[in-house]
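This report concerns only the one structure given below.
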């Protein structure tokens, strides 16, 4: 599903690389924690995987596509197959919960027949069916994160990336969000969760843990 | 988004979300289009006035002193039957003198010493619109009995016609510059909208929206704003011209109210200008801002 081979990423004006000589293979269906302190390169690594960044050197493949050579026109097609959850949610605050979740299907050209049912089903799964017509900006942080999770999962993406998905949430809501990710994993999605919170690691039994330190990868046994 | 929305629906949705931006965009475009509208109205009215001057009394036929009014009437009837002639008016010597006296205004005392009326009976011949009196027609008139002299169009009219082409080119160049100004205004308005919605656009980008999905609502929004502005601008121009157009005589027999009228074609032309400027400005505005984004 994900293959990184000797990947480095340098930003101009910064003395140290954000990632250095990182190699990682994530087979389909795996649940991977990407851990490390702030500034270790977790977000950069995730950004490489949905083509928000290009590697300075090395090979990045997602679902067979070489992201170092992908054209800008192919990027939207890739992103429709990769669900992304951000710490700051990235929602449209003036649009309703339903509209925010439906967006992921709408941009992919899904018609109303399949779209309405699937969005309602997803909102029920994240416990927001009764708030479908509420504006996203009027929800609490935990609810907004559940909207973001629903949007990421509604298209049943084969790969799900989550960047500090519980960073702004209380422990109860964080557990609820992790439960949703586990549910997606059970349905076959490959999942990469970047976190610096060690408590999260205990929530998923048998998950693989990959540690990043100053841009270098250290795999935990 | 309970039903699938096309680009127009999404444009309408994003317009509703930001009424302040719509207000700014429509009001600035209204002012710009009102300037274009006033310019179009003035150009059109001047063009019509010039056409009226050119098709005014283009021939004056002076009759011989001996020719009676009756002869003048016969000749007027004959000439009125010619296909190129729109109207013939017989001006008797008494009327001609009265006109001359009026034209002299405060100097009409100069005529007080006259014992006889020196002016001849004459015919004023008005041609069909677009036609001019050529030498052939003047020759035909001269060959009629009782005709002393045929005066074809006035020299200043020739000069006006010669200068007309240059004036038209200048008017078109200025009109094009005004149009470019409106296009640039739309472009900047769209860029402002793109900037104001950069967070929404980032979300669209992240969920895999194509460039066209994000781009077309902005273009359509620009067209809708320009259309609304063109209607308001037409009302504004109409109101301003109505306010200024008091009946007042101008040189060459023109009237100020004719020059400041609003022809029905002006609002239509303004709508056309608005749509074109909306499409061009919209495309230019989103062109740079919403290029397909690949890995940085």
Inset, instruction - Restricting attention to the stretch A:34-80, report how many residues are closer than 29 Å to residue A:178 by Cβ, outside any helix (DSSP H, G or I) and either within 8 Å of chain B (Cβ to nearest Cβ) or under 11 Å from the mean Cα position of the chain (by Cα) (or both). - result: 6
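One line per residue, one yes/no per condition, for (1) exposed (fewer than 15 other Cβ atoms within 10 Å of the Cβ); (2) assigned by TED's automatic domain parsing to the domain that holds residue A:52; (3) in contact with a strand residue (DSSP E or B) (Cβ under 7 Å, 6 or more places away or on another chain):
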residue: A:140; (1), (2), (3): yes, no, no
residue: A:149; (1), (2), (3): no, no, yes
residue: A:164; (1), (2), (3): no, yes, yes
residue: A:171; (1), (2), (3): yes, yes, no
residue: A:218; (1), (2), (3): yes, yes, yes
Inset, instruction - Report the residue count in the stretch A:108-136 for those that are on the phi > 0 side of the Ramachandran plot and within 10 Å of chain B (Cβ to nearest Cβ). - result: 1
Legend entry - Count of the stretch A:182-203 residues which are closer than 17 Å to residue A:1 by Cβ and not in a helix (DSSP H, G or I): 8
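Let's see how each residue does on (1) surrounded by 10 or more Cβ atoms within 10 Å (Cβ to Cβ); (2) part of a helix (DSSP H, G or I); (3) at pLDDT 90 or above:
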site	(1), (2), (3)
B:136	no, yes, no
B:139	yes, yes, no
B:149	yes, no, no
B:157	yes, yes, no
B:168	yes, yes, no
B:184	yes, yes, yes
Legend entry - One residue from A:5, A:35 being surrounded by fewer than 21 Cβ atoms within 10 Å (Cβ to Cβ) and under 23 Å from residue A:207 (Cα atoms): A:5
Inset, instruction - Tell me, please, whether a residue that is closer than 24 Å to residue A:62 by Cβ, more than 9 Å from chain B (Cβ to nearest Cβ), in contact with a helix residue (DSSP H, G or I) (Cβ under 7 Å, 6 or more places away or on another chain) and not in a helix (DSSP H, G or I) can be found in the stretch A:86-107. - result: yes
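The values are calculated or read from the model by the stated rules, or taken from the named source; none is laboratory data. Computed from a prediction, not measured in an experiment: that's the story for all the values here. Note that each Cβ is placed from the backbone with ideal geometry, even for glycine, and that neighbours are counted across all protein chains shown.
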